[in-house]
Amino acid sequence: MVIAALLRRLGEILVQERLTTPDVVEQALARAKTTGERVGEALVELGAVKSEDVLRALAEQQNLAYLSRDELPSPLPVVKTLSAKYLRQYTVCPVSIENGLLTVAIADPLNAVVLDDLRQFTGLAVKLVVSSAEAITEAIDRTYDGAATPLQRIVEGIEDESAGAGEEDVNHLRDMAFEAPVVRLVNLLIENAIDAEASDIHVEPFEDTFRIRYRLDGILFDQEAPPRRLQAAVTSRIKLMAEMNIAERRLPQDGRIRVTLRSRRVDIRVSTIPTVHGESIVMRLLDRSSVFLPMEKLGFAPGTLRRFEALIKRPHGILLVTGPTGSGKTTTLYGALDKINTPDRKIITVEDPVEYQLKGVNQIHVKPKIGLTFATGLRHIVRQDPDVILIGEIRDLETAEIAIQAALTGHLVFSTLHTNDAPGAITRLQDMGVEPYLVASVLEGVLAQRLVRRICTACRVPDTPNAADLEALGIEGTSGRPLYRGRGCDECRGTGYRGRTGIYELFPISEDARSLILKRAPSRDIRRYAIEAGMVTLRMDGWLKACESVTTVEEILRVTQEDA
């Protein structure tokens, strides 16, 4: 009867304030008896009053002050015994502390348990005031870590003991990996990387820290990381997602994760290795929209693109794409295959791994553990009557010889090598043990490439490179050409660059070049001939892009440093 009287009095207050009518209050009381709601909740659900009006009436009913959003202090006074997690959970916040009296704003003043907790936790006398849940949450966010980040909020929900003594227990590791906060934490790391257009996520444990880094436009950047105590939980979650053995922490493992974020399909290649302080994990993000691009969008100069397209349409021979890891070789080859992928051609690829599934192309994923290497795969696919063969990489003499044999028997073969420039591919093949006459017979062209960062268009400003950098490029002066650089802004994370494009060095093999190959001419002589024959070098192609305000002189020197 006492509670019913209190509830009816709340309705009377709202009627007195002319915010509702007695009939509506009666309806709310009847609804409250049926649903178990409080009468204030029932009135709000009926659309009779606003939730703020109910809170003001509740404050008056309990003889408590009501504080609006603007009346809550910013920042709030911090009480060491009250964590941000607790304040958010019970929607309360400290307002002031004076002479042993703690004033606290609460969204539910009828919750007597919270009042007792506050007295016990703080050892202070507690005075309540009423405020809306939204206002209290905003005040907590403003105070703790200057509006706590999503990662900090998730970490608050993970208990300290989650990575404690049970770290060696497989069942404990599995339990941690399925905890909702750990799941959200790993999902957040992946989502942030995809949104930032990162190519890799590096998860690295050290003695006292847990490090998260994203590779953005080819450069690693530190990111907000969870505390070291969560290393085992995060590692176990990633390994479970990649279908790895979470009990095996002594040996390297490889796995794969497939995620879809906002209609974007992303395949994630996961690699783990054991280190002194735990397992280091690298996740390679293979975004289909970035792995596969048409050739016209790769950064080719018009003349280079025309010559390269002529080479990929040859009926037979070998075409090589060279460059270091991460220089975009696979993207270029996929673009080339898409260009010549017509119903009258059969195309087969042997890759490690298959990074993007090409429609109408037969793709083979090598598996060395079961004996399916590049060489064994090649031996069998030449019997599949292909017109075009893509070999992910020529790594040894056996693979090179089978590729050359395929080219000699009328197939067009694409592959990659790790060399610094285009002419260097010839000496690399010879160093593997391939006879010069075979190289001269089948090689049609070599494309060397690098990726340079693009100038951020949002903060682009005029630039004057120093004379030493220009001299390193072989340029005597800018001749009045306007050059630019990025000043650094929020859009480019202060780097001055956003996105990447390719610079290319194409060396078509002419009859004169074949003569040099047969003579076993050194790489420098072949390179000298190629430049005299009109080959645009990597640095010169980069300089042309600098003149087009695409990149900077410093960036060209960074990615072509070994060519000096």
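The values are calculated or read from the model by the stated rules, or taken from the named source; none is laboratory data. Note that the coordinates shown come from a computational prediction; the quantities given were computed from them, not determined experimentally. All Cβ positions, even for glycine, are placed from backbone atoms using ideal geometry, and neighbour counts span all protein chains on display. What goes into the accessible areas is simple: the full protein's heavy atoms, side chains included, and nothing from ligands, DNA or RNA. Shrake-Rupley method; radii C 1.70, N 1.55, O 1.52, S 1.80 Å.
Looking only at the stretch 493-540, which residues are among the aliphatic types (A, V, I, L, M) and not in a helix (DSSP H, G or I)? Before the answer, list the steps.
First, the residues of the stretch 493-540 that are among the aliphatic types (A, V, I, L, M): 503, 506, 509, 513, 516-518, 521, 526, 530-531, 533, 535-536, 538, 540.
Scanning the stretch 493-540 gives Ile503, Leu506, Ile509, Ala521, Ala533, Met535, Val536.
Pick from Gly335, Gly317, Gly299: which is open to solvent by less than 60 Å² (accessible area, probe 1.4 Å), at pLDDT 90 or above, farther than 18 Å from Lys359 by Cα and out of contact with any Gly (no Cβ under 6 Å at 6 or more places or on another chain)?
Answer to the selection: Gly317.
Every residue, every condition in (1) open to solvent by 40 Å² or more (accessible area, probe 1.4 Å); (2) at positive phi; (3) touching a strand residue (DSSP E or B) at 6+ places or on another chain (Cβ under 6 Å), yes or no:
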residue: Glu60; (1), (2), (3): yes, no, no
residue: Ala65; (1), (2), (3): yes, no, yes
residue: Thr81; (1), (2), (3): yes, no, no
residue: Val92; (1), (2), (3): no, no, yes
residue: Asn99; (1), (2), (3): yes, yes, no
residue: Ile106; (1), (2), (3): no, no, yes
residue: Phe121; (1), (2), (3): yes, no, no
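Pull up the stretch 520-554, narrow it to residues that are in contact (Cβ under 8 Å) with a residue 40 or more places away in the chain and among the β-branched types (Val, Ile, Thr), then point me to the one that is surrounded by the most Cβ atoms within 10 Å (Cβ to Cβ).
Filtering the stretch 520-554 for residues that are in contact (Cβ under 8 Å) with a residue 40 or more places away in the chain and among the β-branched types (Val, Ile, Thr), the one surrounded by the most Cβ atoms within 10 Å (Cβ to Cβ) comes out as Thr551.
Answer yes or no as to whether Arg249 is in contact with a strand residue (DSSP E or B) (Cβ under 9 Å, 6 or more places away or on another chain), farther than 24 Å from Arg450 by Cα and part of a loop (DSSP other than H, G, I, E, B).
Here the answer is yes, as Arg249 does meet what is asked.
List the residue pairs whose Cβ atoms are under 8 Å apart, where the first residue sits in the stretch 261-288 and is over 19 Å from Leu173 (Cα atoms) and at pLDDT below 85, the second is of a type in the set (Asp, Glu) and open to solvent by 70 Å² or more (accessible area, probe 1.4 Å), and the two are 6 or more positions apart or on different chains.
Leu261/Glu191; Asp287/Glu197
I'd like to check something: does the stretch 464-485 contain any residue that is under 27 Å from Tyr214 (Cβ atoms) and open to solvent by 20 Å² or more (accessible area, probe 1.4 Å)?
Within the stretch 464-485, one or more residues are under 27 Å from Tyr214 (Cβ atoms) and open to solvent by 20 Å² or more (accessible area, probe 1.4 Å).
Please work out if Leu311 is touching a residue at least 60 places away in the same chain (Cβ under 8 Å), within 25 Å of Ala407 (Cβ to Cβ) and either β-branched (Val, Ile, Thr) or open to solvent by 10 Å² or more (accessible area, probe 1.4 Å) (or both).
For Leu311, the condition - touching a residue at least 60 places away in the same chain (Cβ under 8 Å), within 25 Å of Ala407 (Cβ to Cβ) and either β-branched (Val, Ile, Thr) or open to solvent by 10 Å² or more (accessible area, probe 1.4 Å) (or both) - is not met.
Do we have Asp267 as touching a Phe, Trp or Tyr at 6+ places or on another chain (Cβ under 9 Å) and crowded, with 19+ Cβ neighbours inside 10 Å here? Walk me through it before giving the result.
Working: touching a Phe, Trp or Tyr at 6+ places or on another chain (Cβ under 9 Å): yes; crowded, with 19+ Cβ neighbours inside 10 Å: yes.
When the stated conditions are applied, Asp267 passes them.
I want to confirm something. Restricting to the stretch 320-329 and keeping residues that are outside any helix (DSSP H, G or I) and open to solvent by 10 Å² or more (accessible area, probe 1.4 Å), which single residue is nearest to Ile340 (Cα to Cα)?
Checking each candidate, the answer is Gly328.
How many of the residues in the stretch 227-245 are surrounded by 19 or more Cβ atoms within 10 Å (Cβ to Cβ) and not in a helix (DSSP H, G or I)?
2
So, Leu293, is that one open to solvent by 50 Å² or more (accessible area, probe 1.4 Å) and in contact (Cβ under 8 Å) with a residue 24 or more places away in the chain or not?
Values: open to solvent by 50 Å² or more (accessible area, probe 1.4 Å): yes; in contact (Cβ under 8 Å) with a residue 24 or more places away in the chain: yes.
When the stated conditions are applied, Leu293 passes them.
As an exercise: evaluate Leu333 against (1) part of a loop (DSSP other than H, G, I, E, B); (2) touching a Phe, Trp or Tyr at 6+ places or on another chain (Cβ under 7 Å) and give the number of the one condition it does not meet.
(1)
Mind listing whichever residues of the stretch 328-384 are under 32 Å from the mean Cα position of the chain (by Cα), closer than 18 Å to Thr409 by Cα and not aliphatic (A, V, I, L, M)?
Within the stretch 328-384, just Thr349 meets the criteria.
Return yes when Asp116 is out of contact with any Ser or Thr (no Cβ under 7 Å at 6 or more places or on another chain) and modelled with pLDDT of 80 or more and no when it is not. Don't jump to the end; show me each part of the working.
Working: out of contact with any Ser or Thr (no Cβ under 7 Å at 6 or more places or on another chain): yes; modelled with pLDDT of 80 or more: yes.
It is true that Asp116 is out of contact with any Ser or Thr (no Cβ under 7 Å at 6 or more places or on another chain) and modelled with pLDDT of 80 or more.
Go through Glu204, Glu197 for me and flag whichever is touching a residue at least 40 places away in the same chain (Cβ under 8 Å) and either of a type in the set (Phe, Trp, Tyr) or not in a loop (DSSP other than H, G, I, E, B) (or both).
Just a single option satisfies the conditions, and that option is Glu204.
Based on this model, can you work out whether Leu470 counts as out of contact with any His (no Cβ under 9 Å at 6 or more places or on another chain), part of a helix (DSSP H, G or I), free of Cβ contacts under 8 Å to residues at least 60 places away in the same chain and of a type outside the set (Gly, Ala, Ser)?
Working: out of contact with any His (no Cβ under 9 Å at 6 or more places or on another chain): yes; part of a helix (DSSP H, G or I): yes; free of Cβ contacts under 8 Å to residues at least 60 places away in the same chain: no; of a type outside the set (Gly, Ala, Ser): yes.
No, not satisfied.
Do the conditions hold for Leu305, that is, is it open to solvent by less than 60 Å² (accessible area, probe 1.4 Å), touching a Ser or Thr at 6+ places or on another chain (Cβ under 9 Å) and part of a helix (DSSP H, G or I)? Walk me through it before giving the result.
On the way: open to solvent by less than 60 Å² (accessible area, probe 1.4 Å): yes; touching a Ser or Thr at 6+ places or on another chain (Cβ under 9 Å): no; part of a helix (DSSP H, G or I): yes.
Criteria not met by Leu305.
Could you say whether any residue in the stretch 428-436 is open to solvent by less than 10 Å² (accessible area, probe 1.4 Å) and of a type in the set (A, V, I, L, M)?
Within the stretch 428-436, one or more residues are open to solvent by less than 10 Å² (accessible area, probe 1.4 Å) and of a type in the set (A, V, I, L, M).
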